[in-house]
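> Following this message is one structure expressed as structure tokens.
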Amino acid sequence: MKLFDVYPINDITITKALGSRVWDNNGIEYMDLYGGHAVISIGHTHPHWVKRIEEQLNKIAFYSNSIKIPIQEELAEKLGEVSGKKDFELFLCNSGAEANENALKLASFHTNRKKIVAFKKAFHGRTSLAVAATDNPSIVAPVNETDNIVFLPFNDIETLTNYFNEKGNEVAAIIIEGIQGVGGINVASNDFLLAIRTLCDQYGSIYIADSVQCGYGRSGIFFSHDCAGVEADIYSMAKGMGNGFPIGGIIVSPKFKAKHSMLGTTFGGNHLACAAALAVLEVMQKESLIENSKTVGDYLMNELNLIPQISGVRGRGLMIGFDVPDEYKNLKKDLLFKYKIFTGEAKPNVIRLLPSLALNMNDATTFISTLKIAITAYQP
Ligand SMILES: Cc1ncc(COP(=O)(O)O)c(C=O)c1O
């Protein structure tokens, strides 16, 4: 049997990883500023994470949600402590799409409404409602198409307000990434997030903060949306939550009333995934990784802003994007194949940096000097 060929693949086989470094099957070392697509939060194969998973594996890996699973409560407690959302409640699932799917469903149950407001260039996942709320028709199958979703311009308060004045009473939820990832690192303005909060309060709609990519400390605070000084009703999360062990979840404000069977999953919240997620939060606290994300991120942004050949440097913490002019469009490939540095990309010519939150200053400095060398190599 062959693999169903849905991924454009780089001809590299990674066989070993540690911290912000990975090695291929020929022993060649790479710096990882992509974090396997913003997933590696505390660093590859962190010893505490490995130990926690190993210890749990030797006890019990999985049992269904029909029994008590105290490690889920331990995780909820820790997440409340690290995120500051102590009065929220946690529902665990397995991925970002699933987290958003559940968030949207919960908003609809709660409001008894159907309309969802999403934004241009949004990416919320590939399951049916999450993909319908994703602004990319090429990944929406005919069966996923629905009139219940409307896409409005990002950061445009006037258009959003006008829409609510007309249809606000039908809107179940607004879903927004605090920093759009796949869309090319576009930061939601504080004023826009404030307007979302105000309109949701005014019309009884639910504010869903998709924190799958921008959350979990990546932006230099736990949830990037919170820089606006207001709280969302639901935060969805995944990627960094397990440092590569698949786990996702939503946390919901006290306004939601749980009812048995309204949400559910077989694998979500299994013992092993919870052990991985607990290890992540423990390391984040112990090694002050959220603070590190801010410090190293600020340094990178400052340095990138000084490179004249690139433009539009944007982001927060260790979620950074910049535009590369057309004549440098092979820069990302060169960084990978010539200079052995993994970075991310977005269409058309955006380079995305999504490294582990434990990226150190040395690596950040090396990246900047290598980037300058790579750019200079293009010049006549
Ligand atoms: C903001 C955002 N939401 C949701 C998802 C979907 O997550 P997953 O691939 O884990 O389903 C992604 C994935 O890139 C994402 O960036």
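Taken together, the values in this text are just the output of simple stated rules run on the coordinates, not laboratory data. Predicted model, so just to flag it, every value in this text is computed and none were measured. Using ideal geometry, Cβ is built from the backbone for each residue, glycine included, and neighbour counts are taken over all protein chains shown.
> Treating only the Cβ of Lys, Arg, Asp and Glu as charged (+1, +1, -1, -1), what charge dipole size does the range 236-307 show about its Cα centre? Round to the nearest 20 debye.
540 debye
> Please compute the alpha carbon radius of gyration of the chain, then divide it by the globular-protein estimate 2.2 N^0.38 Å. Two decimals is fine. Write out the running numbers ahead of the final one.
On the way: Rg = 20.6 Å, N = 380, 2.2 N^0.38 = 21.0 Å.
Output field value: 0.98.
> Out of the range 233-304, which trypsin sites (Lys or Arg not before Pro) are coil in DSSP terms and have no more than 11 other C-beta atoms within 10 Å?
Sparse-neighbourhood loop trypsin sites (Lys or Arg not before Pro): 255, 257, 259.
> Let me ask something additional. At 7 Å along Cα-to-Cβ for each site, give me the label-to-label distance between residue 5 and residue 169 in nm.
Here the modelled spin labels are 5.5 nm apart.
> Report for the chain the percent antiparallel among DSSP-assigned beta bridges with both residues inside it, nearest 5.
Numbers: 30 of 47 bridges.
Counting DSSP beta bridges with both partners in the chain, the antiparallel share is about 65 percent.
> Something else: Multiplying the sequence separation of residue 89 and residue 61 by 0.36 nm and subtracting their Cα-Cα distance, what value in nm do you get?
Details: separation 28, 0.36 × 28 = 10.08 nm, distance 2.34 nm.
Roughly 7.7 nm would be gained on extension.
> Using the alpha-carbon centroid of each, what span in Å lies between the range 223-277 and the range 150-205?
Taking the Cα centre of the range 150-205 as reference, the centre of the range 223-277 is 21 Å away.
> Simple spin-label model, 7 Å along Cα-to-Cβ: residue 68 to residue 51 in nm?
The two pseudo-label positions are separated by 2.8 nm.
> Got the relative contact order for the range 1-135 handy, in percent, Cα pairs under 8 Å and 6 or more residues apart?
Result for the range 1-135 is 12 percent.
> Same structure, new question: Could you grab the relative contact order for the range 254-380? Cα pairs under 8 Å, six or more apart, rounded to a whole percent. Intermediate values should be presented prior to the final figure.
On the way: 123 pairs, mean separation 27.4, N = 127.
Value for the range 254-380: 22 percent.
> Between the range 85-117 and the range 333-370, how far is it from one alpha carbon centroid to the other, in angstrom?
The range 85-117 and the range 333-370 have Cα centres separated by 33 Å.
> Follow-up question, since we're still on this one. What are the DSSP H helices in the chain that stretch 24 Å or more along their long axis, judged by alpha-carbon atoms, and whose average Kyte-Doolittle hydropathy comes to at least 1.6?
none
> So for 13, 343, fewest C-beta neighbours within 10 Å to most, what's the order?
The fewest-first ordering by Cβ neighbours comes to 13, 343.
> Principal axis extents for the range 202-307, Cα atoms only, whole Å, descending order, please.
So the extents along the principal axes, rounded to whole Å, are 54, 42, 23.
> Looking at 31, 296, 261, which one has the Cα that reaches farthest to the positive end of the dipole of the chain (charges on Cβ: Lys, Arg +1; Asp, Glu -1)?
Selected residue: 261.
> Follow-up question, since we're still on this one. How much length would be gained if the chain were fully extended between residue 373 and residue 330, taking 0.36 nm per residue of separation minus their Cα-Cα distance, in nm to one decimal?
Full extension of this stretch gives 14.1 nm more.
> Sort 48, 271, 124 so that the residue with the fewest other Cβ atoms within 10 Å of its own Cβ comes first and the one with the most comes last. Show your work: numbers first, answer last.
Details: 48 15, 271 18, 124 30.
Least to most surrounded, the residues fall as 48, 271, 124.
> Give me 128, 41, 261, 205 sorted ascending by neighbouring Cβ count inside 10 Å, so fewest comes first.
Ranked by crowding around the Cβ, least crowded first: 261, 128, 205, 41.
> Please express the shape of the range 337-380 as an equivalent ellipsoid: the semi-axes are the square roots of 5 times the eigenvalues of the C-alpha gyration tensor, given largest first in whole angstrom.
Working: eigenvalues 74, 50, 13 Å².
Equivalent ellipsoid semi-axes, largest first: 19, 16, 8 Å.
> Relative contact order for the chain: what percent, with Cα pairs under 8 Å and sequence separation of 6 or more?
In percent, rounded to a whole number, it is 23.
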